[in-house]
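Notes follow the structure.
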Amino acid sequence: VKKSKPTNESFLPTLNMTFLEGSERAVKWEYDPYATTAQWTCTATLVKVEPVPFAEGAFRKAYHTQDLSKPNESGRYVSKISKKPTARGSYFEDVRMQMIAKKWADKYNALKPPKKIEFLQSCVLEFVDRTSSDLVCGAEPYVEGQYRKYNNNSGFVSNDERNTPQSFSHFTYEHSNRQLLIIDIQGVGDHYTDPQIHTYDGVGFGIGNLGQKGFEKFLDTHKCNAICQYLNLQSINPKSEKSDCGTVPRPDLIFPDTSIERD
Ligand code: ATP
Ligand code: MG
Ligand code: ZN
């Protein structure tokens, strides 16, 4: 007699998904930064995670993943799994951080800057059929194109001449009344992912939250640009070099010309 354990096939009718060889069941956790209660919600899904990573960063490996609950969209996702054993809670903290950054991106876009930005909708996936290793990961849509790091949480600023990512960081600092700073801006074009939030009190948002030290590192290296001016952000003058602020055209004179931003 065949022993029956719950299979993907028996799980499928409730989900209305097509079985794909190698797929597995997962619980998908999403965070709504606008909700006042019940910010976390979960749904059942089927995913297929490629066994070999296609990329890796300092801390995580990235795997192509198909989300079978998205039959109408491409369903192309990236699963990110820590290289070192990581507490389940820190995956949730990363998603919460990215979704809070998403809310700040909405505030930024509301000021009608020349280029709108977005943070990818991320989620936690828990693999319910696994019994060991990598029971949980972070996931988000896969974005085609050149992935770039624009700044980091300890004062690195890319020399690619993009204004928007740098101004967004500055914007979060000013518009939070200097209570937080969203940094580690990276992604494809202005589709961002994997941000870090520094807070005045240094509480929350994982070990990358460098608190006021993080603010200082940003203030030391950020150079205000035409978008900072357009947003009326209080100018920051790096100690080492003179800021661009005095020499760029007044953005209100050139707006809505997008020449204050390069690709
Ligand atoms: P770092 O510390 O440098 O930020 P990390 O360990 O946080 O690295 P991730 O940022 O998670 O690593 O991503 C690792 C790599 O996966 C990236 O460098 C990029 O090449 C790729 N990648 C990450 N997210 C996506 C995405 N949404 N779409 C396409 N590629 C991605
Ligand atoms: Mg990263
Ligand atoms: Zn600035």
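Quick check: Cα centre of region 154-168 to Cα centre of region 98-119, how many Å?
Between the Cα centres of region 154-168 and region 98-119 lies a distance of 16 Å.
Please rank Val157, Val78, fewest neighbouring Cβ atoms within 10 Å first, as an exposure proxy. Kindly include the intermediate steps, with their values, before the conclusion.
Values: Val157 19, Val78 24.
If I rank by nearby Cβ atoms, fewest first, I get Val157, Val78.
Return the loop-located GluC sites (Glu not before Pro) in region 136-213 (DSSP other than H, G, I, E, B) with at most 11 other Cβ atoms within 10 Å of their own Cβ; answer none if there are none. It would help to have the intermediate numbers written out before the result.
Values: sites: Glu144, Glu161, Glu174; in loops: Glu144, Glu161.
Of the GluC sites (Glu not before Pro), the ones in loops of region 136-213 whose Cβ has at most 11 other Cβ atoms within 10 Å are Glu144, Glu161.
Just order 166-173, 227-234 by mean Cβ neighbour count inside 10 Å, highest at the front, would you? Intermediate results must be reported in sequence, preceding the final value.
Values: 166-173: 24.4, 227-234: 19.5.
The packing order, highest mean first, is 166-173, 227-234.
Apply the Karplus parameterisation 6.51 cos²θ - 1.76 cosθ + 1.60, with θ equal to phi minus 60°, to every residue of region 21-28 and state each ³J(HN,Hα) to the nearest whole Hz, in sequence, with x for glycine and proline.
3, x, 7, 9, 7, 8, 9, 9
Just so you know, all these numbers are worked out from the coordinates, no wet-lab data involved. Quantities reported herein were computed from a predicted structural model and do not represent experimental measurements. Every residue, glycine as well, gets a Cβ built from its backbone with ideal geometry; the counts of neighbours run over all protein chains shown.
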